[in-house]
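The values are calculated or read from the model by the stated rules, or taken from the named source; none is laboratory data. Not measured: the values here are computed from a predicted model. Glycine gets a Cβ as well: all are built from the backbone with ideal geometry, and neighbour counts include every protein chain shown.
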Amino acid sequence: MRNGVQITSQGDAAVRVRFTGGGTEERWQDVRRLVSRLEELRLPAISGVAATYDSALVEFDSLSVRLEDLESLLRYALARDTRTAATADREPRRFRVPVRYGGEPGPDLGMVADHFGETEEDLIALHSARWYLVRCFGAPAASPMMDGLRDGVSVPRRGDPRVRVPEGSVAVAGVQSLIYSVPAPAGWRLIGRTPAVLVSTRHDEVCAYRPGDLLSYFPIGDGDWASYEGLTMEDFRV
Amino acid sequence: MSSTSGTATVVQATFAALQDAGRPAGASWGIAANGAPDQFAYHYGNALVGNPTSLPSLETTMTDLVVRFDVEVVVAVTGARAEVTIGGLSARMNQALVVPAGWELTVRDIRDGTRGYVSVFGGFHGANTFLGSVSPDRTLGFGFDLTPGSTLSCGGDRLDTSGRRYAFPVFDPPRGPLLAEGELGVLPGENRDLFEDRASELFEDDYVMTDRTDAVGARLEGRVPRRLDKGEILSRALPIGAVEVAGGKELLVLNRGRGLSAGYPVVGVICTASMNVLSQARPGTSVRFVPLTIADARRLRLREAEVIESVRERMTTIIDSLRVTRPGGPRERE
């Protein structure tokens with residue numbers, strides 16, 4: 001692993017490992033590699049690892065490990081050879097989910113289309129034409145955080161966030177996109193909604209997708225909604 | 001005599017839920033830890049009833065709780081000060097108590113804090129778990145809310161309390177070291193350099209707990225450090241206890257039910273032990289931030305654990321002496 005790693009304490013029960021070298025893509029890959037190694041090592045003192053774009057928050061129990069010792073463990077994990085990480089090279093899974101674009105489920109479709117200089121129809125075609133890499137789990141609960149519609153085009157957030165948007169809302173903001181896993185307040189722009197069920201508390205495997213997997217969309221009409229309702233992400237795996 | 005498993009029936013409850021230590025492993029899934037907001041009171045209650053490891057307890061927030069048990073059980077009430085009665089008779093907090101079969105345990109008039117915990121020997125069980133925890137996750141709509149009429153199984157191995165002539169010992173929790181009442185220990189936040197005087201304003205005045213506070217975050221009114229720049233911060237995961245400056249006149253402290261990632265700057269992180277204290281702060285009460293070192297934060301955490309474990313050790317010994325190994329066995333009284 002390259003140079004440019006900062007380990008900083010975040011209170012008495014967490015540290016942040018941040019990658020500063022290389023470009024955004026390399027940093028994200030460094031984060032994923034660290035997560036894989038920590039999953040492989042299964043250090044009992046580490047209770048969870050919340051990874052995002054250029055950093056991972058490593059939560060630990062200060063009763064079972066001292067901060068200094070945890071830092072050493074993390075340096076060890078960072079120094080391990082990539083190729084020994086069995087989980088690092090897992091094939092990405094692909095999911096293709098139905099979306100009802102525009103209308104009530106996607107009230108910002110017109111605004112977003114204007115922003116990209118496209119018609120609504122062209123924006124739908126554009127949005128459903130590509131694969132989106134799941135970068136990390138975001139808020140709310142395990143929502144897949146993905147790249148935006150087009151590199152370098154940033155979509156402004158709403159000034160006044162909506163109090164509650166339904167689960168399955170397909171949203172864009174900044175250079176990111178997201179599907180809301182559960183109902184939540186939202187400042188993001190909603191372009192549609194999927195009937196796919198993203199997360200479940202009935203299983204300890206919270207969701208079918210992981211960071212590193214790929215998501216794509218296909219447009220459906222109002223009449224098609226009922227036939228997809230209740231299906232889970234696993235059902236949309238391709 | 002306590003039988004292997006009985007039923008607890010909720011008679012009165014308003015804001016009450018089944019709680020435990022939460023789901024720390026959730027972080028890897030983008031799922032909040034949640035769990036009892038006052039982890040000390042939760043574990044302390046389990047220690048008092050001699051549970052070798054902590055099991056689910058009942059939590060009631062700012063409202064009265066009445067529970068009836070259909071078998072004899074050993075319970076303890078911990079957390080915020082409240083009036084406790086068993087079958088109408090006044091009882092103590094922070095003490096193992098025998099509730100006879102068919103009697104009601106009441107926790108009323110919670111004051112000097114927000115929430116109390118009812119722990120039972122053998123724990124409350126039968127509720128669904130998610131990532132190993134029964135605790136509510138309001139974001140996901142998961143949890144076991146206690147409402148009048150709801151039932152849970154409870155208890156564990158048989159105990160025989162009929163020969164006990166003395167009450168169980170009272171263990172009022174000792175005051176923690178280093179911090180005075182209303183003081184919260186704060187470690188440096190990663191973005192304090194973005195603020196005037198490195199956000200030292202945080203330590204200059206009191207903050208008032210508001211009623212816009214829930215499992216996700218606590219909003220504190222007071223002096224908000226002034227930010228020097230307006231740059232965007234890339235979303236990253238933030239720890240429990242993070243003190244965010246989200247704009248406006250308030251600070252947002254991230255509670256155990258927080259969304260994991262956020263883009264607001266963090267000026268401090270309240271230490272684990274002080275988060276238990278903050279969870280008991282009623283709206284309108286004042287708190288004060290005190291800068292702490294990591295070593296001191298660890299001392300506070302170790303001290304809490306020692307207090308819990310010493311009570312747990314003493315009470316498991318006492319409770320073990322009451323264990324009925326099997327019906328008609330050598331330790332059963334005639």
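For A:TRP225, indicate whether it is aromatic (Phe, Trp, Tyr), surrounded by 17 or more Cβ atoms within 10 Å (Cβ to Cβ) and either on the phi < 0 side of the Ramachandran plot or away from chain B (no Cβ under 13 Å) (or both).
On the way: aromatic (Phe, Trp, Tyr): yes; surrounded by 17 or more Cβ atoms within 10 Å (Cβ to Cβ): no; either on the phi < 0 side of the Ramachandran plot or away from chain B (no Cβ under 13 Å) (or both): yes.
Here the answer is no, as A:TRP225 does not meet what is asked.
Can you say whether A:ARG33 is within 21 Å of the chain's Cα centre (by Cα), among the charged types (D, E, K, R) and over 24 Å from B:ARG192 (Cα atoms), as far as the supplied structure shows? Judged against the criteria, A:ARG33 is a match.
Can you find a residue in segment B:82-98 that is at pLDDT below 95, in a loop (DSSP other than H, G, I, E, B) and in the same structural domain as B:VAL10 (by TED's automatic domain parsing)? Even if it seems obvious, please write down each step before you answer.
The first filter runs over segment B:82-98 and keeps only residues at pLDDT below 95, leaving none.
Among the residues of segment B:82-98, not one is at pLDDT below 95, in a loop (DSSP other than H, G, I, E, B) and in the same structural domain as B:VAL10 (by TED's automatic domain parsing), which makes the answer no.
Entry remark, segment B:99-155: residues being on the phi < 0 side of the Ramachandran plot, assigned to a loop (DSSP other than H, G, I, E, B) and within 14 Å of chain A (Cβ to nearest Cβ) number 10 in total.
Considering only residues in segment A:52-69 that are facing chain B (nearest Cβ under 7 Å) and buried (at least 17 other Cβ atoms within 10 Å of the Cβ), the one that is nearest to B:ILE294 (Cα to Cα) turns out to be A:LEU67.
Residue-wise test of (1) outside any loop (DSSP other than H, G, I, E, B); (2) within 28 Å of B:ALA215 (Cα to Cα); (3) within 12 Å of chain B (Cβ to nearest Cβ).
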| site | (1), (2), (3) |
| --- | --- |
| A:LEU123 | yes, no, no |
| A:ARG130 | no, no, no |
| A:CYS136 | yes, yes, yes |
| A:ALA141 | no, yes, yes |
| A:VAL153 | no, no, no |
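Going through segment A:195-209 one residue at a time, which ones are in contact (Cβ under 8 Å) with a residue 60 or more places away in the chain and farther than 17 Å from B:SER135 by Cβ? Residues satisfying the conditions are A:PRO195, A:ALA196, A:CYS207, A:ALA208, A:TYR209. Out of contact with any Pro (no Cβ under 6 Å at 6 or more places or on another chain) and closer than 30 Å to B:LEU234 by Cα, is that true of B:LEU184? Answer is yes for this residue. Taken over segment B:53-96, the criterion of being under 22 Å from B:ALA167 (Cβ atoms), surrounded by fewer than 24 Cβ atoms within 10 Å (Cβ to Cβ) and not hydrophobic (A, V, I, L, M, F, W, C) is satisfied by B:ARG68, B:GLU72, B:ARG81, B:GLU83, B:THR85, B:GLY87, B:GLY88, B:SER90, B:ARG92, B:ASN94, B:GLN95. Checking B:LEU220, B:LEU202, B:LEU179, B:LEU187 one by one, the residue that is under 21 Å from B:PRO37 (Cβ atoms), in contact with a Phe, Trp or Tyr (Cβ under 6 Å, 6 or more places away or on another chain) and either surrounded by 14 or more Cβ atoms within 10 Å (Cβ to Cβ) or basic (Lys, Arg) (or both) is B:LEU220 and no other. Only one entry in B:ALA199, B:ALA167 is part of a helix (DSSP H, G or I) and more than 20 Å from the chain's Cα centre (by Cα), namely B:ALA199.
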